[in-house]
Each structure stands twice: as structure tokens, then as C-alpha cells.
Amino acid sequence: MRRIYSLITFCVISASLISQTLCENGVAGSFECHNTHLLSHVSTSDLNGGSSTELNDIWGWTDPNSGREFALVGLRTGTAFVEMTDPTNPIVIGKLPTHTSNSTWRDVKVYQNHAFIGSEAGGHGMQIFDLTQLLSSFSGYQTFTNTAHYAGFGDSHNIVINEESGFAYGVGADFSGGLHVVDISDPLNPSLEGGFSDDGYTHDAQVVIYNGPDTTHVGEEIAFACNENTLTVVHVTDKSDMYELDKKTYAGERYTHQGWLTEDHKYFLMDDELDELQLGVKTTTFIWDVQDLENIQLIGTFVSDLSCIDHNQYVKDDWVYQSNYTGGLRILSLKDVANANLEEVGFFDTYPANNGTNFNGTWSNYPFFNSQNVIVSDINSGLYIVRPVFVTVSAVENNCPGLDIEYSVLPERGLNGAINLSLENLPAGLTFEFSEVTTTQGDEVILTIGNTSILASGSYTFNLILDDGLIAHREEISLEIPGNLSTPENLSSSLDISSVNLQWDPVPGTIACKIRGREVGTSLFQHTPIFFGTEPSSYSVSTNFLQPETTYEWQVICGCSVSPIVASPWSGFDTFTTPGESEFSSKEIQLQDELNFYPIPAQNLITLQWNLGETQQANLEIYDMEGRLIDRYNQITKKTLEINIEHLTKGIYFARLSDGALKAIGTRFIVE
């Protein structure tokens, strides 16, 4: 927005180049940071040929033939050019002076190897500069001249270019400050194609060939315009007949400033430049659902922990890169943007003095280089070349004491070529192994930590180092050593018509339990099934295996691993008494009405018919006459089930059907 900078106090850092400084323990030299490394810094005076100035906008250019990378840095006095092919040793080539007078506001974009530069300086128009000139060898700081110039407007606030269509859009110029459309398909011969003024002043915009979910407009040229108090969507395919598709304002609107689409064209991230200053809110990003271009919806906001003023933001892949004045470069993950959830995953604060609501610090950034370097312009201190690095490290859940602990390591951004992996500060005595010691970005590696039984339970840390030859990025990893499994407690028993239902409190982290029981007064345990589940806490024993009018005692043990076995101690005992013989007999009669097999005896196949009333699904277990579990069929939904029994030897078997709510029925069948 238009501001009077004479009211602002600037802090200027000396004109020296700062070389590579890794972000470690939250700082890179004197700069606070997270997951973002400083490769180099160029001062304002170096950019301006020896005298201090202030910076504004920034953009980037990559020579398509050589891959050499350049920063195009807006200054009050013009536009500076910096080669950053070696990001730790940038070379300031020189500058293109302003076309008329100096100005706080300058904006630069690129199309077909040409820079297009606008400014709020009176009569400035649009400078056009052939960037291939920068590929020559130079001696000393150069002063360049325009390659061409467009005088179709005077001053402008911003230049917007759609590189797919070959049109530039001057905004904040004429047409009531709206869209001034210039055909730049021939960069050196630009021509006016039309204008859109229906919604007044446009501060900034993004124009794309739409390729989102709104099939009505796929392939059309669409402008997403930030128009001071609204987000306005404009159909600009026909430059002689541009029209509004939708326009929305929002609660807390103070100055709709700038925004950028996600790459799938489903969401638009937008900032309001004055809400932090005038309303006292913390830095807020507005998240718009633009999947229906004629009915866009604000679906949520991301609110930072800081109160600094937000300015420019751009989206690349799964991240949005925000220049938030005194807060510096802030990077948010877009992985859950569909639910309006953003997460800050990295930052580099170019303005250490404070995080206040003033117009100092970073103006803009450019995150689109193939090198994954990001350039940042700081109004007060110059150009920063940084490299955000994002690595996802996930511990494979393991609550078993003494077992190996695995981590999934996925380098997601910021490391190029071969990445060498190593560890430091691993607790003494532990061992480690990588599934691959060298990886590349996007490839998962498994890290296994062994010999963990030597450590007492608790939390430990160590560092994972990922080194691509330029950056040795450190990730602090948390190592959680679990304590011994607790003993199952609060055992209880209850009987129904066909089974004894056993319950206990689940033991956290366990995946299997084992039951054993015996007649009270005897020493031999019987019926000791092992069964699996998520922290299992119940089991039913068929009374077909039990004697009438007999008291039994039982106990349980639960484990978190079966190979090797890692288990809790055995629990104490609980007891139950079975009913008399007459009740057992009546039970058998009732079971025949609930569960039937045919034919009996059976040979290769046997058919089960069952009825548990309103039950929608059940589990079937088949035991031999010694109580050993032979087969299990889970989540049966049919009332009739054909079972292959070719693997069963001749004899009598018992089938038990349970609906998962401790209600069970059972009966015998014969295999011939």
C-alpha cells in the first residue's frame, strides 16, 4: 500500500557480505531461524554500488540454457542484478537505474528472459530489460539501460505477469487502478490490449490459465485480484470483454493486500496488510476455497504467534513462503489446507531488532529456483539467500521395552543430489543402522536404533545429520525408551448361557494376551489361548470345556511383542463357579436352536447356520477337544457360511460364535 516512509526509522547493517551460516539451535549467526539456513547476505550498499538505500520487491531469473541463477532486487534507486549460481558467493553485477525518480515502491517480474519493472515513481512506465545481458563477463559494478520501455501508463504499484499467456497486468495505474493489460508476447514490442476497472483499485493479483476443479472455467485466463477490501475473481480471457466472476469481503478487513493460489488452483492464501496494526490481531493468513470461481468461500485463517505485519507470499509445492516484515521469511505447510489447517515449519528472521507492527524487515521473497534456494529482500539490510530444509522423521510406534526402535526418515525439501546420513550424540552403548546410508530427496530411509535395553526408561535425544555437500542439516530426534509393561489388573468374570466372559483393564501398548485357567485346588492349567487385538481386555471361554458345579481360577498375561516375546507379569487370579448339570443340559438344547452344522458327520465342506438376533457380524472359532484353537473367521456377516475342513483330522470339534459384545453360542460337529 502507499505509505510515507519518512515516519519510519531504518536500521542499516554494514555493507559487508555474510557467508554461509547454518541454522543450529535456533540461530544462524545473529538471526533467529528454524529449518532455514543462511547461504549468504549482500548489504544494501553493495547492491546499490557503494551507497546505502532501501530495498523493496524481488524476483528471480534462471537462464534456461546454462541454469545460472540471478536475483533481481528492487531498490529505491532502481533494480540490482546479482548472480547467485554459487549461493555462498553471490556476485553483484550492477543495476538498472529507475526510469524517472527514486521510489519506495518498485516491482519486477520476468517473461521470456526479460525483466518487466514498474514503480510508483511519476511517469516511470514499465522498463523492459533483456536479462541475457547478465551472462556476459563484467569487470566492476555495471550501470545498465533499458532494452525497451512501455509508456502506456505512468506510475503503477505492481506488475503481474501470466507467463502461460504472455500478458502483463499493470495494477494501481490507470483504469481506476484496476487491470491494465499489456501484450508482451514480443517482449520488446509491448502493446495495450485492454483494461478492467469495474472493481476499482487492484493492489496486487495473480493471473493464471485456470486448471482447477471448476470445469466451467478450465483453460480460461482468470485473475485473482486483491482489491483493498475484497478478493475479486475476474474472467480476463477476452481482453475486450473482461468481467467479474465473484467478489467477497471478510470480517476484520482493513487492507486486502496480496495472495497466491495453491498449485492445484483449489485454494487462495491471502494477507491483509493493516489488520495487525489497526486491530491488534496477530499475523493472520486468510484461506479461501476457490473451487467454484463464481462462489468463492473463506474457510478459515491461520493465526501466527507473532504480531508482525504480513506483506507478500508465494506458493511452491506443499509450502507457502511469506514475507512478514519484522517477522522475516515464514514458511507454512499446506498439507492440510483443505481443512484450513496450516503449520509453520520454518523461518528466517532478517530483522533481529523486534517483531513489532512496523514496516521494517522483509518486503518479499522468491522461492521458485530449481536449486531450492530462496531469495529474500529486506528493506533495511539487503539481500538474503537462504535454503529451507524440511525432513520428516517419524518414529515407528513401539512400546516394547528392550526392542529395536525404528524411524522413518524422509527428506522432503532443500537437499540436492546425494544425501549422506549420519548420527551424533547417540547415547553411549546404543547401535544404529540405516537401510541406506545415502539417499536422495523424496526417498524414505529406515533408521534402526538397537541395544535399547541398556537404557532406563525415559526421553533421550540425538542428532540426525543429512549432508548434501553444501548443507549439513541437523534434525534433533527424540528417543523414547518405554518402561516395563504393567501387570493386568481388575480381573472379573461373568457367565451367560454358553460361556464365561473374562475381563480386565487393558495394558497400554500391548497387542496380545494369553489366558490360563484351572480347577481350584489343582496345579494343571488348561485352555490357554493366545489372541490378538489392540490392547485386548476381554475373552470368552465356552462352558463346553468346563465341568458343572466347579470353581475355576484364571489369570492373564499381556505382551507387546511375540517375536521375541516381551510381556507383562502374570496377573493375580479371579474365580468363577459353573452352574449345575441341569442348567448345562438346558443350555445344550438352546444352542441347537442358535447354531447348527450340516452335514454331520462332514468330510471336505461343512455349512454353518447361525442366529444371534440383531447382530450384524460375528467371529467364529473352532477348537479341538483338547481346547486348542484350530481356526478363526473374523467379521462374518452372512447367516450361512460354508467352511473348508479338508485340513482337519477325524474327530470331534467345538465351534464357538461370538458377536463381539461378549455374547457367545457354541456347538459340536464331527469330521469323518
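The values are calculated or read from the model by the stated rules, or taken from the named source; none is laboratory data. Source: prediction; values computed, not measured. Glycine also receives a Cβ, built like all others from the backbone with ideal geometry; neighbour counts cover every protein chain displayed. What goes into the accessible areas is simple: the full protein's heavy atoms, side chains included, and nothing from ligands, DNA or RNA. Shrake-Rupley method; radii C 1.70, N 1.55, O 1.52, S 1.80 Å.
In the stretch 34-62, the residues that are in a strand (DSSP E or B) and open to solvent by less than 10 Å² (accessible area, probe 1.4 Å) form Cβ pairs under 6 Å with partners that are among the charged types (D, E, K, R) and at pLDDT 95 or above, at six or more places apart or across chains, as follows: 37/387; 39/387; 56/106; 57/106; 57/107. Can you tell me which residues in the stretch 119-175 are farther than 17 Å from residue 72 by Cα, open to solvent by 50 Å² or more (accessible area, probe 1.4 Å) and among the hydroxyl-bearing types (Ser, Thr, Tyr)? 137, 139 - these are the residues of the stretch 119-175 that are farther than 17 Å from residue 72 by Cα, open to solvent by 50 Å² or more (accessible area, probe 1.4 Å) and among the hydroxyl-bearing types (Ser, Thr, Tyr). Are any of the residues in the stretch 377-387 in contact with a His (Cβ under 8 Å, 6 or more places away or on another chain) and hydroxyl-bearing (Ser, Thr, Tyr)? The answer is yes, given that some residue of the stretch 377-387 is in contact with a His (Cβ under 8 Å, 6 or more places away or on another chain) and hydroxyl-bearing (Ser, Thr, Tyr). Could you go through the stretch 145-158 and let me know if any residue there is touching a Lys or Arg at 6+ places or on another chain (Cβ under 8 Å) and not in a loop (DSSP other than H, G, I, E, B). No, that holds for no residue.
Conditions (1) touching a helix residue (DSSP H, G or I) at 6+ places or on another chain (Cβ under 9 Å); (2) over 24 Å from residue 473 (Cβ atoms); (3) free of Cβ contacts under 8 Å to residues at least 40 places away in the same chain; (4) of a type in the set (Ser, Thr, Tyr), marked per residue:
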site	(1), (2), (3), (4)
338	no, yes, no, no
342	no, no, no, no
367	no, no, no, no
373	no, no, no, no
378	yes, no, no, no
383	yes, no, no, no
393	no, no, no, no
414	no, no, no, no
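Counting only strands (runs of 3 or more DSSP E) that sit wholly inside the stretch 573-670, those with at least 1 residues that are more than 49 Å from the chain's Cα centre (by Cα) and modelled with pLDDT of 75 or more are 574-577, 595-598, 605-610, 651-658.
If you scan the stretch 367-384, which residues turn out to be open to solvent by less than 20 Å² (accessible area, probe 1.4 Å) and either under 21 Å from the mean Cα position of the chain (by Cα) or within 22 Å of residue 318 (Cβ to Cβ) (or both)? Passing the criteria: 367, 369, 373, 374, 375, 376. Among the criteria (1) touching a Gly at 6+ places or on another chain (Cβ under 9 Å); (2) free of Cβ contacts under 8 Å to residues at least 60 places away in the same chain; (3) farther than 17 Å from residue 385 by Cα, the one residue 115 does not fulfil is (1). Within the stretch 551-572, being open to solvent by less than 60 Å² (accessible area, probe 1.4 Å) and either at pLDDT below 90 or closer than 26 Å to residue 398 by Cα (or both) holds for 555, 556, 557, 558, 559, 560, 561, 566, 567, 568, 571.
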